[in-house]
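What follows is a set of notes on a single structure, which appears directly below.
Computed from the coordinates by the stated procedures, all read-outs in this text should not be read as laboratory data. It should be emphasised that the depicted structure is a prediction, and the values quoted were computed from it without experimental measurement. Because the Cβ atoms are built from the backbone with ideal geometry, glycine has one as well, and the counts that use them run over all protein chains shown.
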Protein chains: 2
Amino acid sequence: MDTRTGLPVVGMVGGGQLARMTHQAAIALGQSLRVLAVSPDDGAALVAADVHVGQHTDLDALRAFAKGCDVVTFDHEHVPQEHIQALAADGYRVLPGAAALRFAQDKRAMRERLGELGVPVPRWAPGPDVDAFAAETGWPVVVKAVRGGYDGRGVWVVESATELPDLPEFIVEERVPLRRELSALVARSPYGQVAAYPVVETVQRDGICVEVLAPAPALDPGRAVEAQRLAIRLATELDVVGLLAVELFDTADGLLVNELAMRPHNSGHWTIEGARTSQFEQHLRAVLDYPLGDTGLTAPAVVMANVLGGEPGGMSLDERVHHLFAADPGIKLHLYGKQVRPGRKIGHVTAVGSSMAQARERARAAASWLREAR
Amino acid sequence: MDTRTGLPVVGMVGGGQLARMTHQAAIALGQSLRVLAVSPDDGAALVAADVHVGQHTDLDALRAFAKGCDVVTFDHEHVPQEHIQALAADGYRVLPGAAALRFAQDKRAMRERLGELGVPVPRWAPGPDVDAFAAETGWPVVVKAVRGGYDGRGVWVVESATELPDLPEFIVEERVPLRRELSALVARSPYGQVAAYPVVETVQRDGICVEVLAPAPALDPGRAVEAQRLAIRLATELDVVGLLAVELFDTADGLLVNELAMRPHNSGHWTIEGARTSQFEQHLRAVLDYPLGDTGLTAPAVVMANVLGGEPGGMSLDERVHHLFAADPGIKLHLYGKQVRPGRKIGHVTAVGSSMAQARERARAAASWLREAR
């Protein structure tokens with residue numbers, strides 16, 4: 001507890017944009033997020049008052065960080081299992097717990113557990129015999145690092161065994177013929193309350209999410225409910241506390257689970273303006289065992305587009321922001337405090353409106369302008 | 001400019017809730033608000049990364065603070081004129097400037113200037129001869145400190161000259177028979193762009209604003225436009241940069257200007273969820289000469305209620321928040337990081353909905369619960 005305010009202290013391991021935006025939500029709740037950042041220049045470290053600089057792989061740093069926190073949670077999946085267990089053994093409240101988080105850290109464990117639960121997933125094998133697997137599914141296949149992948153990293157589409165990346169451990173999956181990708185975001189509290197957001201469509205390019213459409217356009221209501229139920233069931237079965245994002249393939253034969261994340265998620269950034277409760281506030285409410293907030297949409301159509309860094313030179317980011325605001329006074333901008341590098345995710349924009357086509361055009365135009373300045 | 005991000009640095013003098021909420025808005029714009037706080041326990045100092053502790057009456061502290069800021073602005077009106085002028089003479093960009101801010105600092109100067117502009121105000125006199133004034137208007141009269149008053153402080157309703165407070169300088173005004181109070185909030189940029197928010201009703205109790213209803217219910221559209229035009233005209237004539245809140249009396253004979261504030265204002269807190277651009281973001285956009293944001297409502301009815309501290313004892317603030325969230329999952333809470341003291345403004349709540357009556361009932365119930373715990 002923060003003795004100055006009488007309100008709880010949440011510590012978030014990782015100082016990226018998720019912690020940065022969680023800090024914004026913490027401020028409204030009367031709190032101040034404590035952040036463990038790798039560098040004082042991390043996006044959240046630039047804006048938070050209570051910053052520890054240290055490695056998330058360093059147990060001593062984690063222990064010093066956890067001291068005085070009412071609960072410790074995460075901006076990423078990279079804290080080793082044994083460290084999370086050690087913190088819990090010390091008596092710190094760490095949410096989501098190690099047992100749950102394992103299924104967001106280890107793709108093989110996730111696939112095995114989902115199989116046990118009878119949850120539909122792409123055909124997969126634990127590797128390393130990719131030829132045998134491809135003999136059944138055909139080439140190309142999808143190779144995924146068991147650990148450490150995120151945001152398109154750690155995933156390869158492979159045409160033959162000669163193209164295999166050099167990895168300590170991987171799984172192989174069929175390349176699923178899909179209509180589109182969906183994301184079902186839910187929050188769950190220690191008490192067991194679960195709240196589901198409307199299911200969204202995530203639009204990928206080169207393995208990176210570029211746009212999120214909320215709600216997913218023309219999604220069959222039955223399938224939307226199926227996706228929400230699946231996410232609620234997984235949150236409960238895996239004992240997740242906090243947010244759970246379930247990335248889904250929408251196929252002709254039904255839904256398949258692609259990935260799980262147990263933290264605020266890129267597919268939920270639209271909730272800042274587009275839902276009554278943002279995913280960042282919801283994550284805080286969940287890990288603090290507060291009753292969860294209203295997940296309803298604030299408008300019929302909400303589109304989030306990621307802003308990637310463009311080629312250097314020409315117009316500065318600040319000048320680009322000026323022009324963007326002149327062109328679209330209603331666009332909502334979120335910059336992450338990062339140095340611009342080509343292809344780096346430096347922020348996002350959200351367009352809220354009554355028409356999905358218009359909101360999408362506005363979000364696209366804004367993200368494209370910030371990247372290309374043309 | 002912040003060399004780590006290539007984005008501007010705004011410094012705000014004053015570390016209260018206005019700076020705290022402006023910091024939240026700055027984060028989205030890729031910035032980190034620099035705050036000059038009187039104490040490290042000030043609401044904004046608890047949550048911002050770049051905090052200077054010092055007095056706003058200390059020119060050396062102000063100079064050290066201003067160094068490296070692209071623009072310096074204010075969370076209150078208490079910086080002495082000569083210090084603002086000195087900073088400007090040093091070459092710092094200070095917005096609003098001293099000449100404009102004078103009319104938010106000095107009620108006599110404000111009344112005189114509004115008179116010159118032909119803007120309707122209550123009948124007033126510069127004091128000290130209250131008897132002569134009351135002989136014309138009748139008792140009671142309203143006595144206002146020329147400087148330093150805010151939020152109901154510095155204002156007295158006086159029944160006779162024997163009740164006069166001991167003040168170095170005051171003005172006296174007629175007690176206006178009014179239907180209600182309104183507030184017209186506009187933003188103006190150095191370029192001269194002005195954006196007006198919908199006019200709101202402010203509900204006062206004991207001289208303190210307790211609720212804000214957006215838009216003002218049943219306000220004649222002609223009078224709403226008149227209020228907006230008046231605020232736009234004042235922002236332009238007084239050369240305000242940033243926000244200008246014009247507090248108005250709505251009377252049978254028309255609108256009268258009560259007070260001016262040149263900063264984010266309590267009557268604009270509803271904009272965080274209720275307008276497409278919050279007043280805090282808008283203030284930053286204005287002082288940075290960014291194009292201004294969309295001021296449109298996000299819903300038909302938005303009600304903000306201030307949360308005052310209740311009597312100590314019983315349920316903690318954190319427990320009250322738990323119960324509030326259970327009772328109303330859609331209520332939006334903003335706590336300011338202040339110690340709870342009876343009658344102290346410790347936060348606000350906002351209810352957004354389709355019906356003003358329902359939104360008002362929700363906001364009232366939430367604020368009352370947080371104060372009384374019953």
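Classify the range B:307-352 from the C-alpha gyration tensor, please: rounded if a/c falls under 1.5, else prolate or oblate depending on whether a/b exceeds b/c.
oblate
Enumerate the lysines that B:LYS345 could reach by cross-link, defined here as Cα to Cα under 25 Å, with residues fewer than 8 away along the same chain left out.
B:LYS107, B:LYS144, B:LYS332
Which shape class, rounded, prolate or oblate, goes with the protein assembly as shown when its Cα gyration tensor gives a ≥ b ≥ c as root eigenvalues, a/c under 1.5 marks rounded, and past that a/b bigger than b/c marks prolate?
prolate
Any lysines with Cα under 19 Å of the B:LYS338 Cα? List them, leaving off those in the same chain fewer than 8 positions away.
none
For every other residue with a beta carbon closer than 15 angstrom to the beta carbon of B:ALA357, add +1 if it is Lys or Arg and -1 if Asp or Glu, then tell me the sum.
On the way: positive: B:ARG360, B:ARG362, B:ARG364; negative: B:GLU201, B:GLU211, B:GLU361.
The answer is 0.
Can you tell me, using C-alpha contacts under 8 Å and at least 6 residues apart, the relative contact order of chain A as a whole percent?
Relative contact order for chain A comes out at 13 percent.
Express in nm, to one decimal, how much length is gained between B:ARG223 and B:ARG205 on full extension, taking 0.36 nm for each residue of separation and deducting their alpha carbon distance. Write down the numbers at each step before the final one.
Values: separation 18, 0.36 × 18 = 6.48 nm, distance 2.41 nm.
Taking 0.36 nm per residue and subtracting the Cα distance, the gain is 4.1 nm.
Who wins for biggest fluctuation among A:PRO329, A:PRO40, A:PRO291 in a Gaussian network model of chain A, springs between alpha carbons below 10 Å?
The residue with the greatest mean-square fluctuation here is A:PRO329.
For the range B:286-374, list log₁₀ I(q)/I(0) at each q in 0.19, 0.23 Å⁻¹, using the Debye formula over Cα point scatterers of equal strength and ignoring solvent, two decimals each.
Debye curve over Cα of the range B:286-374, log10 I(q)/I(0) at q = 0.19, 0.23 Å⁻¹: -0.83, -1.05.
Around B:LEU7, which amide H atoms from residues at least 5 apart in sequence, or from another chain, sit under 5 Å from its own amide H, with H modelled in the peptide plane?
Under 5 Å from the amide H of B:LEU7 lie the amide H atoms of B:ASP2, each far enough along the sequence or on another chain.
Could you state the number of Å between the C-alpha centres of the range B:13-28 and the range A:248-275?
32 Å
Just check the range B:225-374 against the gyration tensor rule for me: Cα atoms, a ≥ b ≥ c as the square roots of the eigenvalues, rounded for a/c under 1.5, and otherwise prolate or oblate depending on whether a/b exceeds b/c.
Since a/c reaches 1.5 and a/b is larger than b/c, the shape of the range B:225-374 is classed as prolate.
With a sphere of radius 13 Å drawn around the Cβ of A:GLN85, what net charge do the other residues whose Cβ falls strictly inside it have (Lys, Arg +1; Asp, Glu -1)?
Net local charge, A:GLN85 excluded: 0.
Take chain B, connect every pair of alpha-carbon atoms lying under 10 Å apart with a spring to form a Gaussian network, then pick out the residue of B:LYS144, B:LYS67, B:LYS345 with the largest mean-square fluctuation.
B:LYS67
Can you give me the Cα centroid spacing of the range B:32-47 and the range B:178-233 in angstrom?
With the range B:32-47 and the range B:178-233 each reduced to a Cα centre, they are spaced 29 Å.
With bins 10 Å wide starting at 0, give me the P(r) of the range A:42-87 over every alpha carbon pair, in whole percents.
24, 60, 16, 0
Give, to the nearest whole percent, the P(r) tail of the range B:130-252 beyond 21 angstrom, counting all Cα pairs.
The answer is 51 percent, as a whole percent.
Send over the per residue convex hull volume for chain B, Cα only, as a whole number of Å³.
146 Å³
Could you identify which residue out of A:ASP70, A:ASP253, A:ASP131 has the top mean-square fluctuation in a GNM of chain A using Cα springs shorter than 10 Å?
With Cα springs under 10 Å in chain A, the top fluctuation among A:ASP70, A:ASP253, A:ASP131 is at A:ASP253.
Filter the chymotrypsin sites (Phe, Trp or Tyr not before Pro) in the range A:129-225 to those in DSSP coil with at most 10 other Cβ atoms within 10 Å of their Cβ, and list the result.
none
Among A:LEU164, A:VAL225, A:GLY127, whose Cα lies farthest out toward the positive end of the dipole of the range A:124-236, if unit charges sit on the beta carbon of Lys, Arg (+1) and Asp, Glu (-1)?
Going by the Cα projections, it comes out as A:VAL225.
Do you know the relative contact order of the range A:20-88, to the nearest whole percent, from alpha carbon pairs under 8 angstrom that are 6+ apart?
24 percent
Can you give the local net charge around B:GLY314? Use residues other than it whose beta-carbon is closer than 13 angstrom to its beta-carbon, Lys and Arg +1, Asp and Glu -1.
Residues near B:GLY314 contribute -1 overall.
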